[in-house]
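Please read the structure below before turning to the comments.
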Amino acid sequence: MSVVDAAAVPAARAPVLLFALATAVIVQGLYVAQPLVGAIAASLGLPPAVISLVSTLAMLGYALGLFLLVPLSDLMESRRLVLLTLAANALALLAAALPIPAPAFLAASLLAGLTAAVIQMLIPMAAAMTVEAQRGRVIGNITSGLMLGIMLARPLASVIGGLWGWRTSYMALSLAIMALTLMLGRSMPRLPPPQRTSYPALLASMARLWREESLLRLRAIPAALCFGAFSAFWALVALRLASPPFKLGPDGIALFALAGVSGAVSAPLAGRLGDAGKTGIAKRVFHACIVLRQRWHGWAARCMPHRGGWR
């Protein structure tokens, strides 16, 4: 299953900076609630048993979007699909910013996550619009924008929420995506769908790809584990930092989250190594860094002050 047929757009060239900016902005909708979960829960009157849904539903919606929306890139004209999905994303974030009941807010969060899967329409599109010798570099640069958006989402949401309230964070993000939709509408070419098949058959083909492509499984499983560890850490750390003994406010949590921005540097480096045929070396080095990082977090947690002393 290919998202865009590169042969169909030989003269097109991916606007890398715009695509990187787009992924950086769109992905923030998945993480904007994480540092604000306490304030959101208090404002909506959510019981403790469902507080986690504030951030979990956005990620669940994103997973559904990867399965249900992204395959549509093989059936619909790509520019139209991207713009429609972005418009729905902006409307979902706008709805979340309004004074609506808690169930409606949770539904808006799910829809915002679902439509944020447009990110995975843009990245393959950029790859198809790039010559093969530069494809790793282009994907790396766009992924760097994606990582910057992930890591900046929490500090930005914390600062904006601390100054003007949590609803303003959603409103600002909705307006940014509306502007982004206009920019992409002027820059993206019209790309015809590469396949003529039914939607159910296209969904079924993903299971066939998983069975038949061993390389896909080899890449997907470690990526899922790494992203799962990453998401689990950042989804929970805001609640931990806001509670004793740290008792950090929005500004303190924002400063803590800034430490993760440096991770965006690795994406362009990985892309260049891929273009140079050094994918195996890069994979081993980055996996080793992940293991060392987790061991460092474990050591640091044991050394943090706890109830007046050190553990």
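The values are calculated or read from the model by the stated rules, or taken from the named source; none is laboratory data. None of these values were measured; they are calculated from a predicted model. All Cβ positions, glycine included, derive from the backbone under ideal geometry; neighbour counts span all protein chains shown.
Hey, among the residues in segment 142-170 that are aliphatic (A, V, I, L, M) and within 13 Å of Ile26 (Cα to Cα), which one's surrounded by the most Cβ atoms within 10 Å (Cβ to Cβ)?
So in segment 142-170, the residues aliphatic (A, V, I, L, M) come out as 142, 146-148, 150-153, 156-157, 159-160, 163.
Narrowing the set further to residues that are within 13 Å of Ile26 (Cα to Cα) leaves 142, 146-148, 150-153.
Details: Ile142: 28, Leu146: 23, Met147: 21, Leu148: 21, Ile150: 23, Met151: 22, Leu152: 21, Ala153: 25.
Among residues in segment 142-170 that are aliphatic (A, V, I, L, M) and within 13 Å of Ile26 (Cα to Cα), the one surrounded by the most Cβ atoms within 10 Å (Cβ to Cβ) is Ile142.
Give the residues of segment 61-87 that are closer than 21 Å to Pro193 by Cα and within 16 Å of the chain's Cα centre (by Cα), sorted by residue number.
Quick first cut of segment 61-87, residues closer than 21 Å to Pro193 by Cα only: 65-87.
Passing the criteria: Gly65, Leu66, Phe67, Leu69, Val70, Val82, Thr85, Leu86.
Right, Leu215: out of contact with any strand residue (DSSP E or B) (no Cβ under 7 Å at 6 or more places or on another chain), assigned to a helix (DSSP H, G or I) and modelled with pLDDT of 70 or more or not?
Numbers: out of contact with any strand residue (DSSP E or B) (no Cβ under 7 Å at 6 or more places or on another chain): yes; assigned to a helix (DSSP H, G or I): yes; modelled with pLDDT of 70 or more: yes.
Yes: the conditions hold for Leu215.
Considering only residues of segment 77-88 that are of a type outside the set (Val, Ile, Thr) and surrounded by 19 or more Cβ atoms within 10 Å (Cβ to Cβ), which is farthest from Pro124 (Cα to Cα)?
At the first step, the residues of segment 77-88 found to be of a type outside the set (Val, Ile, Thr) are 77-81, 83-84, 86-88.
In the following step, the residues that additionally are surrounded by 19 or more Cβ atoms within 10 Å (Cβ to Cβ) were identified as 78, 81, 86.
Working: Ser78: 11, Leu81: 14, Leu86: 16 Å.
It comes out as Leu86.
Could you please give the count of residues in segment 69-87 that are in contact with a Ser or Thr (Cβ under 6 Å, 6 or more places away or on another chain) and outside any helix (DSSP H, G or I)?
Qualifying residue count, segment 69-87: 0.
Identify all residues within segment 124-138 that are within 20 Å of Gly185 (Cα to Cα) and either surrounded by fewer than 19 Cβ atoms within 10 Å (Cβ to Cβ) or at pLDDT 95 or above (or both); write none if there are none.
Filtering segment 124-138 down to residues within 20 Å of Gly185 (Cα to Cα) leaves 124-130.
Matches in segment 124-138: Pro124 only.
Looking at the structure I just gave you, is Leu64 in contact with a helix residue (DSSP H, G or I) (Cβ under 6 Å, 6 or more places away or on another chain), in a helix (DSSP H, G or I) and surrounded by fewer than 16 Cβ atoms within 10 Å (Cβ to Cβ)?
On the way: in contact with a helix residue (DSSP H, G or I) (Cβ under 6 Å, 6 or more places away or on another chain): yes; in a helix (DSSP H, G or I): yes; surrounded by fewer than 16 Cβ atoms within 10 Å (Cβ to Cβ): yes.
Here the answer is yes, as Leu64 does meet what is asked.
Would you please list the contacts, defined by Cβ atoms under 9 Å and residues six or more apart or on different chains, that run from a residue in segment 222-234 that is closer than 26 Å to Leu255 by Cβ to a residue that is of a type outside the set (Asp, Glu) and modelled with pLDDT of 75 or more?
Phe230/Ile150; Ser231/Met59; Trp234/Tyr31; Trp234/Gln34; Trp234/Ile150; Trp234/Met151; Trp234/Arg154
Tally the residues that are surrounded by 13 or more Cβ atoms within 10 Å (Cβ to Cβ), part of a helix (DSSP H, G or I) and among the aliphatic types (A, V, I, L, M), restricting the search to segment 181-205.
Here the count works out to 4.
Please identify the pairs in which a residue from segment 171-195 that is modelled with pLDDT of 95 or more has its Cβ atom under 8 Å from the Cβ atom of a residue that is acidic (Asp, Glu), counting only partners at least 6 apart or on another chain.
If the second residue must be acidic (Asp, Glu), no pairs are left.
I'd like to verify a number: residues in segment 38-61 that are under 18 Å from Ala112 (Cβ atoms) and either surrounded by fewer than 16 Cβ atoms within 10 Å (Cβ to Cβ) or small (Gly, Ala, Ser) (or both), how many?
So the answer is 9.
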